[in-house]
Amino acid sequence: MSIFKRGNVYWYHFIFNGEHVQASTKQGNPRTARQMEAAHRTALAKGEVGITKRKPVPTLAEFIEDRFTPWARATFEKASPKTWTGWYRTQLANISAYPALVNRKLDAITSEHAADYAAHLQAKEWKASSVNCSLRVLRRVLRVAVEWGIAPTAPKIKLLRGEHHRERVLTPDEERRYLAAAGEQMAEIATVLIDTGMRPEENARLRWEYVSWTTGHCGTLQVTHGKTAAARRMLPMSPRVRSLLERRWNVAKNPSEGFVWAAKTASGHIEPSTTKKQHQRAVRLSGVRPFVLYSLRHTFLTRLGEAGCDAWTLARIAGHSSIAISARYVHPSEDAVMNVFSRMLPKESPAKRSNLLH
């Protein structure tokens with residue numbers, strides 16, 4: 001008997017008269033699932049039921065157009081526009097432009113086909129990070145097909161080595177020079193990012209209704225949108241973040257609602273293109289080794305880990321959906337390890353410790 005778990009329920013599958021039989025038990029108990037599989041086998045043997053004809057597996061192109069794209073648009077277009085436009089929409093178009101891959105049926109796609117697609121992109125002189133971006137979307141598409149019961153399995157997709165990561169950590173001196181060279185608005189944005197660890201797009205959508213001056217030591221900021229539920233979180237303000245936001249609030253005549261970084265754009269708030277130009281100018285004038293704006297978030301999280309923050313708390317602050325991501329920022333020193341062990345030892349009086357030593 002063979003059962004497997006998909007989500008919270010068990011499925012069973014077996015071969016009967018050369019035909020593959022697979023069905024969901026809609027049960028979360030493995031013992032019940034095995035009993036249902038046995039009952040199905042018995043019914044087939046007695047001729048009481050026939051083998052249900054399997055639905056034809058669509059091609060990757062059909063699945064992307066009919067199922068995945070509508071789902072991704074509905075999920076991310078408003079909740080996380082950057083995820084939709086800069087991630088899914090762009091990469092789905094790139095994948096769909098490679099007939100050797102998208103014209104295959106989902107159950108016929110192998111790791112070799114994904115590797116061929118990666119080689120195709122490399123031949124177009126794509127960098128490793130760009131190729132991996134497209135491969136991650138392809139991997140997500142194939143996994144969703146399995147989750148929805150449209151494809152039986154998803155191939156393992158291997159990413160390219162040599163990817164350029166944004167894991168640049170600014171030193172305190174680089175931070176000081178950068179903030180001094182940045183214009184007033186860019187310096188304020190960078191300060192918020194480096195003191196809260198917010199993603200740049202989360203900060204751009206920050207609204208006055210989500211700023212609380214009375215909670216915590218210096219107030220809090222509420223992140224209400226993100227790619228996952230974990231992205232929605234409450235963040236404490238540092239003294240300098242509170243100071244600069246209070247100043248903006250007073251200049252704006254104490255608004256009760258509206259964007260903190262309001263601008264005359266279609267979205268109503270400052271756009272990434274504007275922030276990127278201001279950031280590049282600040283980097284050039286400061287003489288600091290070039291870095292992307294997202295590095296300010298990485299700097300904050302790295303400093304948080306070095307300060308002794310555990311991975312679980314760091315994940316909550318960062319809005320990570322997986323603790324494995326947060327663990328990258330936590331690197332306990334030898335002293336920290338020894339302190340943990342010392343706290344586990346039973347408390348002993350000074351006199352007893354003296355006797356043990358003698």
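The values are calculated or read from the model by the stated rules, or taken from the named source; none is laboratory data. As the structure is a computational prediction, the values presented were derived from the model and not from experiment. Backbone-built Cβ (ideal geometry, glycine too); neighbour counts: all protein chains shown.
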Query raised in the report: over 22 Å from R207 (Cα atoms), in contact (Cβ under 8 Å) with a residue 40 or more places away in the chain and surrounded by fewer than 17 Cβ atoms within 10 Å (Cβ to Cβ), is that true of S321?
Result: yes
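Determine whether region 7-16 contains at least one residue that is closer than 23 Å to T228 by Cα and either surrounded by 12 or more Cβ atoms within 10 Å (Cβ to Cβ) or in contact with a helix residue (DSSP H, G or I) (Cβ under 9 Å, 6 or more places away or on another chain) (or both). Spell out how you get there, then give the answer.
First, pick out the residues of region 7-16 that are closer than 23 Å to T228 by Cα: 7-9.
Imposing the further condition that a residue be either surrounded by 12 or more Cβ atoms within 10 Å (Cβ to Cβ) or in contact with a helix residue (DSSP H, G or I) (Cβ under 9 Å, 6 or more places away or on another chain) (or both) reduces the set to 7, 9.
Yes, region 7-16 contains a residue that is closer than 23 Å to T228 by Cα and either surrounded by 12 or more Cβ atoms within 10 Å (Cβ to Cβ) or in contact with a helix residue (DSSP H, G or I) (Cβ under 9 Å, 6 or more places away or on another chain) (or both).
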Report summary line: All-but-one check, R281 against (1) in contact with a helix residue (DSSP H, G or I) (Cβ under 7 Å, 6 or more places away or on another chain); (2) more than 20 Å from R303 (Cα to Cα); (3) at pLDDT 95 or above; (4) surrounded by fewer than 19 Cβ atoms within 10 Å (Cβ to Cβ), failing number (1)
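Only one of these is surrounded by 14 or more Cβ atoms within 10 Å (Cβ to Cβ), among the charged types (D, E, K, R) and within 30 Å of P272 (Cβ to Cβ): E77, E62. Name it.
Answer to the selection: E77.
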Query raised in the report: Which of the residues spanning region 219-261 are part of a loop (DSSP other than H, G, I, E, B) and of a type in the set (S, T, N, Q)?
Result: T224, T228, S238, N254, S256
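Looking only at residues in region 267-305 that are part of a helix (DSSP H, G or I) and among the charged types (D, E, K, R), which one is nearest to the chain's Cα centre (by Cα)?
Within region 267-305, the first condition is being part of a helix (DSSP H, G or I), and the residues that meet it are 272-286, 295-305.
Cutting the leftovers down to among the charged types (D, E, K, R) gives us 276-277, 281, 284, 297, 303.
Values: K276: 22, K277: 25, R281: 29, R284: 30, R297: 14, R303: 20 Å.
Residue satisfying both the conditions and the ranking: R297.
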Query raised in the report: Do any helices (runs of 4 or more DSSP H) entirely within region 4-91 hold 3 or more residues that are farther than 20 Å from G149 by Cα, without any contact (Cβ under 8 Å) to a residue 24 or more places away in the chain and of a type outside the set (S, T, Y), and if so, which?
Result: 30-46
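Let's see how each residue does on (1) within 26 Å of K78 (Cβ to Cβ); (2) assigned to a helix (DSSP H, G or I):
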{"position": "V141", "(1), (2)": "yes, yes"}
{"position": "P152", "(1), (2)": "no, no"}
{"position": "I157", "(1), (2)": "no, no"}
{"position": "L160", "(1), (2)": "no, no"}
{"position": "R168", "(1), (2)": "no, no"}
{"position": "D173", "(1), (2)": "no, yes"}
{"position": "A180", "(1), (2)": "no, yes"}
{"position": "I194", "(1), (2)": "no, yes"}
{"position": "N203", "(1), (2)": "yes, yes"}
Report summary line: Of the residues in region 38-77 that are of a type in the set (D, E, K, R) and modelled with pLDDT under 85, the one that is nearest to L135 (Cα to Cα) is E77
Report summary line: Here the residues within region 67-108 that are more than 26 Å from V57 (Cβ to Cβ), among the aliphatic types (A, V, I, L, M) and in contact with a helix residue (DSSP H, G or I) (Cβ under 6 Å, 6 or more places away or on another chain) are none
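If the requirement is being over 20 Å from the mean Cα position of the chain (by Cα) and buried (at least 17 other Cβ atoms within 10 Å of the Cβ), which of these qualifies: I189, I157?
I189
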